[in-house]
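S.K.: To start, I am sharing the structure in question, which I have written as structure tokens.
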Amino acid sequence: MAVAAVLKAVLDADAALMLRVRDGDSSSFNLLLERHRTPVIHFLFRMVQNQAIAEELAQEAFLRVYRSRASYEPSAKFTTWLFRIATNLAFNWIRDQRSRKSQESLQDLSASGDTHHLCDGQPSVESVLVHEVKLNEVREAISRLPDKQRAAVLMHKYEEMEYSHIARVLGCSESAVKSLLFRAYESLRARLAQYA
Amino acid sequence: MTEQRFRCPLQSEENAQLLLDYCARRLDPSRRAALEAHIGLCPSCREFSQAQRLVWEALDAWDSSGGAADFDRRLYQRISEERKPPWADRLTAWTAEISWKPALPAAAALALWVTFFPVRPTEEAEGFERVAAEQVEGALEDLDMLQQLKLNLQ
Ligand SMILES: [Zn+2]
């Protein structure tokens with residue numbers, strides 16, 4: 001391994017864990033799982049809007065990481081690699097779903113998929129309804145974004161990733177990410193501003 | 001930064017990103033102060049940032065608090081299944097049987113099984129090879145992804 005790679009591994013604690021997984025330490029895989037399981041599932045849930053599918057895709061993403069352990073080299077940030085695998089799985093699933101069920105699928109899934117509520121105390125019926133309407137609008141607006149814009153917004157808003165990080169996950173330039181985000185938020189402003 | 005030197009972010013798409021960063025609370029204090037001063041004077045930027053703030057708040061409503069209760073257990077089960085060769089399950093079942101059953105019925109059952117299902121092991125082996133090949137292919141693709149990321153970084 002080159003010196004630069006070693007340095008990067010030191011800087012990226014996840015990469016260091018992954019190197020230990022490569023050397024046969026399964027407890028390090030467990031640590032990686034603990035650190036990234038929830039963000040990956042949440043990201044995938046917002047991508048595909050169905051909890052069961054999101055978990056299935058997340059399982060596949062971690063399984064792929066595990067399968068690749070023997071040849072792992074810390075050439076990129078671990079989370080970049082992990083989110084790239086997760087994003088590609090989501091893109092593939094969405095594409096397959098589209099070709100199977102054409103347009104209606106995402107709306108159906110968002111209606112039938114598990115919804116997560118904010119649970120703070122005992123909200124009134126009215127506030128629950130208002131929240132529900134707003135939530136449906138948000139899900140609908142996100143699901144209508146083109147795949148790449150959707151992934152970019154979710155990583156920017158919910159994972160709080162830097163533009164450069166999103167760019168590496170999506171395999172495009174930083175300015176392309178800025179442009180994707182600009183267009184995505186433009187659509188969201190048109191749809192959502194009234195519901196906030 | 002003074003107002004005279006501050007160019008309206010909305011005059012180019014590249015700079016408009018500044019307003020998105022502002023609404024996402026990602027600007028450092030000095031740039032935020034400069035932009036706020038500009039927003040105070042520029043109706044277009046004011047309108048843009050108000051709308052973007054509302055979008056930001058609407059997105060906040062989409063909480064994703066659901067956790068997968070037995071996610072790890074299922075994942076480790078899949079991992080251990082992949083590690084196991086395809087004949088392992090049958091061997092376990094078979095050794096469990098012969099440990100308490102009399103040898104003759106077990107041998108008869110084995111003979112019957114071999115007679116009626118002579119092709120199955122080959123099919124399963126082929127199936128396993130296919131699955132294994134797909135997994136290797138998938139792992140190679142994932143590593144390929146890692147290589148591309150490496151190239152992008154250089
Ligand atoms: Zn302006």
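S.K.: What FRET efficiency do you get for B:A24 and A:V133 if R0 is 30 Å and r is their Cβ-Cβ distance, rounded to the nearest 0.05?
M.R.: Result of the calculation: an efficiency of 0.75.
S.K.: What average count of beta carbons from other chains do you get within 10 Å of the Cβ of residues in B:72-83?
M.R.: 3
S.K.: What is the average number of partner chain Cβ atoms found within 10 Å of a Cβ in A:82-88?
M.R.: Taking all residues of A:82-88 together, the mean is 2.
S.K.: Hey, what do the phi angles of segment A:12-23 turn into as Karplus ³J(HN,Hα) couplings, whole Hz, using 6.51/-1.76/1.60 and θ = phi - 60°, x for Gly and Pro?
M.R.: For segment A:12-23, the Karplus-derived couplings read 9, 4, 5, 5, 4, 4, 5, 5, 5, 4, 4, 8 Hz, x marking Gly and Pro.
S.K.: Residue by residue through segment A:34-50, what is 3J(HN,Hα) from phi via Karplus (6.51 cos²θ - 1.76 cosθ + 1.60, θ = phi - 60°)? Round to whole Hz and write x for glycine and proline.
M.R.: 4, 6, 10, 4, 5, x, 5, 5, 5, 4, 5, 4, 6, 5, 9, 6, 8
S.K.: Another question about this same structure. Expressed as a whole percent, how much of the Cα-Cα distance distribution for segment A:1-104 exceeds 25 Å?
M.R.: 26 percent
S.K.: Would you tally the net charge around A:L170, using a Cβ to Cβ cut-off of less than 9 Å, leaving A:L170 out, and scoring K and R as +1, D and E as -1?
M.R.: Spelling it out: positives minus negatives among the neighbours equals +3.
S.K.: Inside 10 Å of the C-beta atoms of B:48-56, what's the mean count of C-beta atoms belonging to other chains?
M.R.: For this peptide, the per-residue mean of nearby foreign Cβ atoms is 6.
S.K.: Counting Lys +1, Arg +1, Asp -1, Glu -1, what net charge surrounds B:F71 among other residues with beta carbon under 9 Å of its beta carbon?
M.R.: Residues close to B:F71 contribute a combined charge of 0.
S.K.: Using the Karplus curve 6.51 cos²θ - 1.76 cosθ + 1.60 with θ = phi - 60°, work out ³J(HN,Hα) for each residue of segment A:178-185 in order, rounded to whole Hz, and write x for Gly and Pro.
M.R.: 3J(HN,Hα) across segment A:178-185, in whole Hz: 4, 5, 4, 5, 4, 5, 5, 5.
S.K.: Give, rounded to the nearest 20 debye, the magnitude of the charge dipole that segment B:16-61 has about its Cα centre when Lys and Arg contribute +1 at Cβ and Asp and Glu contribute -1 at Cβ.
M.R.: In debye, rounded to 20, segment B:16-61 gives about 100.
S.K.: What does the highest-first list of A:148-157, B:70-79 look like by mean Cβ count within 10 Å?
M.R.: Put in order of decreasing packing, that is A:148-157, B:70-79.
Here, each number is a calculation from the coordinates, and none is a lab measurement. The structure displayed is predicted, hence computed values, not measured ones. Positions of Cβ are generated from backbone atoms using ideal geometry, with glycine treated the same way; all protein chains shown enter the neighbour counts.
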